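Participant: Structure in structure tokens, see below.
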Amino acid sequence: MRLILLLITSLLFTACSMDQMLVRSSVPLIESGVEALNYETDLDLAEDSIPANLNMLQGMIKIDPENDLLHTYAAQAFYGLAYGFNEDNRPERASDFYQRGLRHGLVALEINGASDLKNTPIADFEKQVSRLGKGDVAAMFWAASNWAKWVDMHRDDPEAIAQLSRATALMQRVIELEDTFYYGGAHMYFGVYYGSRPPLLGGNFDKSHQHFDRAREITDSKLLIPDLLQAQYLARQQQDRDDFHQRLTNIINAPDDLMPELGLQNQIAKRKAALLLKKESEWF
């Protein structure tokens, strides 16, 4: 009987291991899929394809729940789905996606040794973040991106606002370790962070400009999102209507093949720029 139980246990363990091996061998396919999606310039086609890929990804996570790369990709996918396709017209759905993306990002970090980053006291949180290394950059970036966008959508909630410092600490660590990660995304974060508030409330327009300039430098000004965010947050906060209007108009008129490997992001920027221009007379 013991031998039979041992054989059954061994077979179950082998089957589980084989499923996990199959999942892990599929990770390069996920990477290729992300790259291919980034080339897509048809927003409807991109939006239709993301949920199916996300469902597949979550199925893989069920098989291999301790795979930090899968959780990181899920965090990235939920962010893209929320920011690119839901935030402007379905904010409640976007908020839910940001929360789900945040959970995956935090799980990825906790798999690699962090502990309860959402609830631990801030002093312990900062110590843990200071110990995170280059291998954690992607998970930190997508966790912080989802976290900050969720906070931005709940800026009337003091408890939500209090969480911004954690997202900021993660993104500062990204700057320290690899400031060019994801096309200078951490610099875009701080461009918004310093540019979206008046100086009396912690804003710093000079720092905001510097971060946006650095993001443009990293991408040779071929990624349109830094200009989009600068218009949306910094120009609006400075009440610079000319800068707001010019940046958004330049985005709309930019060539569609400006940066083919990020064609999707630039098309999203164009759509968002058009929506922001409709609010110009309301904001200025």
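The values are calculated or read from the model by the stated rules, or taken from the named source; none is laboratory data. In this text the structure is predicted, and so the values were computed from the model without any measurement. Neighbour counts run over all protein chains shown; Cβ positions are idealised from the backbone, glycine included.
Participant: Going through the stretch 214-223 one residue at a time, which ones are surrounded by 15 or more Cβ atoms within 10 Å (Cβ to Cβ), part of a helix (DSSP H, G or I) and not hydrophobic (A, V, I, L, M, F, W, C)?
Facilitator: Correct list: Arg214, Arg216.
Participant: Go through the stretch 64-123 and report how many residues are assigned to a helix (DSSP H, G or I), loosely packed, with under 15 Cβ neighbours inside 10 Å and free of Cβ contacts under 8 Å to residues at least 24 places away in the same chain.
Facilitator: Total satisfying the criteria: 3.
Participant: Filter the stretch 214-227 down to the residues that are under 15 Å from Gly263 (Cβ atoms) and in contact with a helix residue (DSSP H, G or I) (Cβ under 7 Å, 6 or more places away or on another chain) and list them by number.
Facilitator: Hits for the stretch 214-227 are Thr219, Leu223, Leu224, Ile225.
Participant: Another question about this same structure. Give the residues of the stretch 50-66 that are farther than 18 Å from Val107 by Cα and within 18 Å of the chain's Cα centre (by Cα), sorted by residue number.
Facilitator: Ile50, Pro51, Asn53, listed by residue number.
Participant: Since Ser165 meets every condition but one in (1) touching a residue at least 12 places away in the same chain (Cβ under 8 Å); (2) assigned by TED's automatic domain parsing to the domain that holds Leu37; (3) among the small types (Gly, Ala, Ser), which condition does it not meet?
Facilitator: Ser165 satisfies all of (1) touching a residue at least 12 places away in the same chain (Cβ under 8 Å); (2) assigned by TED's automatic domain parsing to the domain that holds Leu37; (3) among the small types (Gly, Ala, Ser) except (2).
Condition check ((1) in a helix (DSSP H, G or I); (2) at pLDDT below 95; (3) surrounded by fewer than 17 Cβ atoms within 10 Å (Cβ to Cβ)) across all residues:
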position: Arg236; (1), (2), (3): yes, no, no
position: Gln239; (1), (2), (3): no, no, yes
position: Phe244; (1), (2), (3): yes, no, no
position: Asp257; (1), (2), (3): no, yes, yes
position: Ala269; (1), (2), (3): yes, no, no
position: Ala273; (1), (2), (3): yes, no, no
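Participant: If you take the residues of the stretch 275-284 that are assigned to a helix (DSSP H, G or I) and touching a helix residue (DSSP H, G or I) at 6+ places or on another chain (Cβ under 9 Å), which of them is farthest from Leu43 (Cα to Cα)?
Facilitator: Trp283
Participant: Further question: Does Gln163 meet the test of being farther than 24 Å from Glu87 by Cβ and surrounded by 17 or more Cβ atoms within 10 Å (Cβ to Cβ)?
Facilitator: Spelling it out, it is not the case that Gln163 is farther than 24 Å from Glu87 by Cβ and surrounded by 17 or more Cβ atoms within 10 Å (Cβ to Cβ).
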